[in-house]
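Enquirer: Once you've had a glance at the structure underneath, I'll fire off some questions.
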Amino acid sequence: MKKVLLFAMCLTAFVACQQGQKSSDLTVMKERDSLNRVIAQKDNEINDMMSTMNDIEEGFRAISAAENRVSVARQGEGASMKERIAENMKFIRETMEQNRELINKLRNQLRQSTINGDQLRRTLENLQQQLEEKDSQLKQLAAELEAKNLMITELNTKVEDLSANVDSLKEDTKQKAETIQSQDKQLHTAWFIYGTRRELKDKGILERRKRLSNEFLNEHFTKIDIRVDKEIKFYSRRAELLTSHPESSYVLEPDANDQYVLRITDPQRFWSNTRHLIVLVK
C-alpha cells in the first residue's frame, strides 16, 4: 500500500513538472514573437527613413548637376542658351521644393518613430543645412542671371542707340552727299538756246539777256553739264554767239553738211563769263 501511494505521489510530481515546463516555454515564445515584431517595426521605420534620405541626397545631386549646366550655358550665346538656363533654373526650384518636403517628411518620421537615433537626427540637421546652403546659392545664381540680363539689356540698348546713330549718320551722310552732288551739278550746269532773231525776240530772250531768271531758263533754255557736253549743233548755215565767251575757248565752224557746230575746247574758260549761251542762227 505504501509503495502504491509513493508511486502516485511521484507520478503527480512528474506531471506537475511537465506542465510547468510547457507554461515556461509558452511564455518564452510569446516574448520572442513580441521582440521580433518590435525589431520588424524598427527595421521598417529605418528602411522608410533611409529611403527618404536617399531621395533627398539624389535631389541634391540633381540640383548640383543642374547648377553646373546653368554655369556652362551662361558662357554661351543666343536664344537657345537662354531657354536652357530657364529650364534648368525651373528644374532646380522644383527639386529644391521636393527636397524641402522630403526633409519635413523625414523629420516627422523621426519624431513619430520609436527609434532613439542621435545619428539620424544629426543626419537630418546636416540635410537641413545643405538645403539652406543650396537655397542661398540658388538666390545668388538667380541674382547673377538677373544682373547679366540687365547688362545684356543695357548693351542691347546701347547697340540700338549706336545703330540709330549710325542710321542717322548714314542718312545725314546721304543728305550731304546728295547736297554735294546737287551743288556739284549746279557748279557744272549751263544753259543754251539758239534760234532766229524772230524766235529769240518772241521768247523775250533778246530783252532778257542780262537778267535771266531760273524760271525763265527752265522754260526756254536747254540745260547741259559743261564737263560732258562740249559740242552743240545748231543745224544752220549761219550762227553767231550773242553772249560773251573767250574766243580761244571754242571753235565755231560748219560740219560736213555745212551746218554750224560749236566745239568747246576749254569749258572752264568758255563758261567763265556767263553760264548762259545764246546763239543767233539763220
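The values are calculated or read from the model by the stated rules, or taken from the named source; none is laboratory data. Worth saying up front: this structure is predicted, and the values here are computed from it rather than measured. Cβ atoms come from the backbone with ideal geometry, glycine included; neighbour counts cover every protein chain shown. Protein only, heavy atoms only, side chains kept; ligands, DNA and RNA dropped before computing areas. Shrake-Rupley method; radii C 1.70, N 1.55, O 1.52, S 1.80 Å.
Enquirer: Of everything in the range 227-243 that's aliphatic (A, V, I, L, M) and over 14 Å from A190 (Cβ atoms), which residue is most open to solvent (accessible area, probe 1.4 Å)?
Expert: Looking at residues that are aliphatic (A, V, I, L, M) and over 14 Å from A190 (Cβ atoms), I get L242.
The rows are residues; the columns are (1) touching a strand residue (DSSP E or B) at 6+ places or on another chain (Cβ under 7 Å); (2) under 17 Å from A190 (Cβ atoms); (3) at pLDDT below 90; (4) surrounded by 12 or more Cβ atoms within 10 Å (Cβ to Cβ).
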site	(1), (2), (3), (4)
D225	yes, yes, no, yes
H245	no, yes, no, yes
Y250	yes, yes, no, yes
N257	no, no, no, no
I264	yes, yes, no, yes
W271	yes, yes, no, yes
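Enquirer: Step by step: first the residues of the range 45-79, then only those that are assigned to a helix (DSSP H, G or I) and at pLDDT below 65, then the one that is farthest from E101 (Cα to Cα). Which residue is that?
Expert: Checking each candidate, the answer is A79.
Enquirer: With the checklist (1) within 14 Å of G195 (Cα to Cα); (2) in contact with a helix residue (DSSP H, G or I) (Cβ under 8 Å, 6 or more places away or on another chain); (3) not basic (K, R) in hand, flag the one item E240 doesn't pass.
Expert: (2)
Enquirer: Sticking with this structure for a sec: When you go through T153, T95, T123 one by one, which is the residue that is at pLDDT 80 or above and of a type in the set (S, T, Y)?
Expert: T95
Enquirer: Suppose we filter the range 105-114 for residues that are surrounded by 12 or more Cβ atoms within 10 Å (Cβ to Cβ) and assigned to a helix (DSSP H, G or I); how many remain?
Expert: Number of matching residues: 5.
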